[in-house]
């Protein structure tokens, strides 16, 4: 069964990004894998008055079901309306690896898709990105592509090395493909184990500035931008989990980027850590508990609370739209 994203009340990212670039903030793009995570994301954003992109990887879509995901997104839109907020909600495919995957998502109600051809040679990346754009734009769906390679692993995305985006390629790539936004590699990294304690992660803001000069006003996207909060690493370990010490991208570095052409920042790992830490804590404190609501509920609230701080400290998107009437 096919859905049109407009019938679900979803928005594409065109106006979201335009407003973000004009006002010096970035749109939060939070990944979700179940109902509780979707609730945490949309409640946090509605209460803060921030636009939101609900992101779903192919792995997450396979887990939840390709027709369940759009219904969760529709429920998110309905929650926003009932809460009295007017934030736009987009449903976005994260790291689509082929035209076929992107088309499937467009046909089942996604309002935005990413085609990640960064693992292909340059000309092949152009070809597959253009193919997705032609189909997506016929449905008024927006398209994100990627130039450069981020190291690390997250979901089905894996790369051993980091390749910074070449500013000399961006204008040519955007003009030939017609994409609506571009993910670039300037020092972020996928997964929880981005950097070792003692490292001083810095973004290559000089590359970002040069890209902005080459394609002024064009929406730029940063992937792999989780901070890997120490409190959740410690919480997981305290309550029986095993995780290597690691650090992510400092909030201060990301906030600098949002004041330029960066219109969208992806965060996945932070939500996983907050959710997992809270589940472990709840079960450790009440080992006899088997009511899912008693440990998934606190996990949802922990993730929501953390993302509310992220909206202020990193994205700067608080109050961009009307806030929800929270009782």
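The values are calculated or read from the model by the stated rules, or taken from the named source; none is laboratory data. It should be emphasised that the depicted structure is a prediction, and the values quoted were computed from it without experimental measurement. Cβ coordinates were reconstructed from backbone atoms using ideal geometry, including for glycine residues, and neighbour counts include every protein chain displayed.
Residues of the range 98-132 that are assigned to a loop (DSSP other than H, G, I, E, B) and either touching a residue at least 60 places away in the same chain (Cβ under 8 Å) or surrounded by 20 or more Cβ atoms within 10 Å (Cβ to Cβ) (or both): 108, 109, 110, 111, 116, 117, 118.
Cβ-Cβ distances below 7 Å connect the following pairs, each with a first residue in the range 135-160 that is at positive phi and outside any strand (DSSP E or B), a second residue that is surrounded by fewer than 18 Cβ atoms within 10 Å (Cβ to Cβ) and at pLDDT below 80, and a separation of six or more residues or different chains: 148/163.
Scanning the range 172-187 for residues that are within 12 Å of residue 218 (Cα to Cα) and either over 16 Å from the mean Cα position of the chain (by Cα) or in a loop (DSSP other than H, G, I, E, B) (or both) returns 174, 175, 178, 179, 180. Looking across the range 80-97, the residues that are in contact with a helix residue (DSSP H, G or I) (Cβ under 6 Å, 6 or more places away or on another chain), outside any loop (DSSP other than H, G, I, E, B) and touching a residue at least 40 places away in the same chain (Cβ under 8 Å) come down to 80, 83, 89, 91.
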